[in-house]
1. What's the ranking of 168-180, 333-345 by average number of surrounding C-beta atoms within 10 Å, highest first?
2. Once you charge only the Cβ atoms, +1 for Lys and Arg and -1 for Asp and Glu, what is the size of the charge dipole of segment 76-230 about its Cα centre, to the nearest 20 debye?
3. Please state, rounded to one decimal and in Å, the Kirkwood hydrodynamic radius that segment 102-230 gives when every pair of distinct Cα atoms enters the mean of 1/r.
Amino acid sequence: MQPPFRGAAHGVFLNMHEHNVHEHIERNGARVMRNGSRAVKKLLFLGIGSALVFTMGGVGPAQADNGPHMSSIQAAGTVGVVIANAGASKCASCHRAHTAQAEYLLKQAQPQLCYTCHQAGAGATTDVVNGQRAGTTQALRGGGFKTAAIGSGKATKDMGPADLVTGRIATLNQTIPALTLPAATTSRHQIDGTTAGTAWGNGANGSGLGKSITLECGSCHDPHGNGNYRILRPMPNDSQWVVKAAVPAVGTTPAVPAVMSPATNVVVPDATAYGYTTANYWLAGDTNVPTNVGATGGTALSGTAKATDPAGDGYIQNVASWCTTCHTRYLAGSGSYKTASGDATFMYRHRSNANYKAGAANCITCHVSHGSNAAMTVTPAGDNVGLLPGNTAAPAGDSHLLRVDNRGTCVMCHNV
């Protein structure tokens with residue numbers, strides 16, 4: 001699984017990083033699914049609804065997710081459904097009718113339930129614990145929750161010829177190799193289902209640093225299948241923000257109506273086959289994802305793109321919109337570095353919506369989704385500026401899910 005969750009600015013989900021990873025792996029979650037219970041509850045309704053959309057509407061290619069994630073939902077009006085085939089062994093893979101140990105009849109709490117398959121030797125090809133394709137040295141592009149195979153200290157780039165007019169020297173051929181032996185993660189999304197953390201930048205302008213939410217695997221992925229890339233939910237649970245006006249007097253209309261997140265129900269087309277990497281972790285796209293038919297650089301979901309941006313594949317084109325269903329104020333178009341947003345904290349922002357190629361300025365160009373092993377060891381002398389929104393100090397070594405050591409992600413593109 002490779003859902004990209006972080007925005008392109010520093011400090012997303014700091015409080016959701018678990019630096020003692022072994023504690024995370026061993027935790028079983030006494031409070032089984034705080035928001036995650038809603039994850040499964042929504043799965044039963046929204047997930048089925050999403051499956052209907054993809055089943056009946058014909059959106060995207062055939063669903064590529066296998067095993068228990070392959071949806072068996074039937075279209076309205078279908079007759080003679082063979083129950084043994086429709087049910088197969090899927091239900092019992094995760095649910096128990098009488099001996100369940102977690103809410104919604106789950107046999108185990110998340111993430112341990114997911115790790116039943118998604119770790120080394122457990123059956124699934126995606127070992128999200130260790131950040132590798134199971135049984136190989138191929139790396140998952142989203143990293144891993146315990147270890148990741150990102151060659152973050154071995155990143156390189158080439159320099160092109162100087163522009164005779166501007167003097168600019170182009171940066172070329174950026175490469176981050178994959179590690180044969182993964183290294184321990186230094187930051188990750190917190191998905192234990194019990195620990196609350198700040199979704200940095202979630203909310204309307206001026207609404208603070210972000211909303212406190214609790215994540216688990218099912219917050220971002222639909223385990224019943226839905227036809228989206230890596231079974232990503234079109235709208236992650238609890239991602240939308242609502243601006244609520246003060247309670248009005250009886251018979252009056254509130255001065256400020258409720259407002260929902262602008263990016264909703266993001267469709268990331270499914271791949272015909274899934275790509276992994278051994279050569280270059282910098283290229284975060286997936287060539288197996290089809291191009292969105294009729295889409296152009298100026299009309300992608302990912303904010304206001306440059307008119308000159310060509311159309312990208314359906315993954316790189318929409319993934320920034322997907323990330324920013326949670327990190328709403330991190331989505332920024334071209335020129336946002338000099339155009340004020342009106343938010344006191346998230347005032348000027350790096351572009352994060354480039355949608356035409358892997359390696360362009362997109363959320364996942366700089367960040368991975370599950371966990372990063374990048375090392376943060378260098379602090380400039382006298383630097384006491386906080387690296388998180390609101391100048392909050394980051395824990396020592398926190399890599400912010402970045403791909404390169406010591407904020408070298410910036411130097412991958414900029415020649416400074």
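1. Numbers: 168-180: 16.2, 333-345: 13.1.
The densest-packed peptide leads the list: 168-180, 333-345.
2. Working: 12 positive and 7 negative charges, 30 e Å.
The dipole magnitude comes to about 140 debye.
3. Values: mean 1/r = 0.0562 Å⁻¹.
Averaging 1/r across every pair of different Cα atoms and inverting gives 17.8 Å.
Computed from the coordinates by the stated procedures, all read-outs in this text should not be read as laboratory data. What you are looking at is a predicted structure, and each value in this text was computed from that prediction instead of being measured. Quick reminder, even Gly has a Cβ in these numbers, built from the backbone with ideal geometry, and neighbours come from all protein chains shown.
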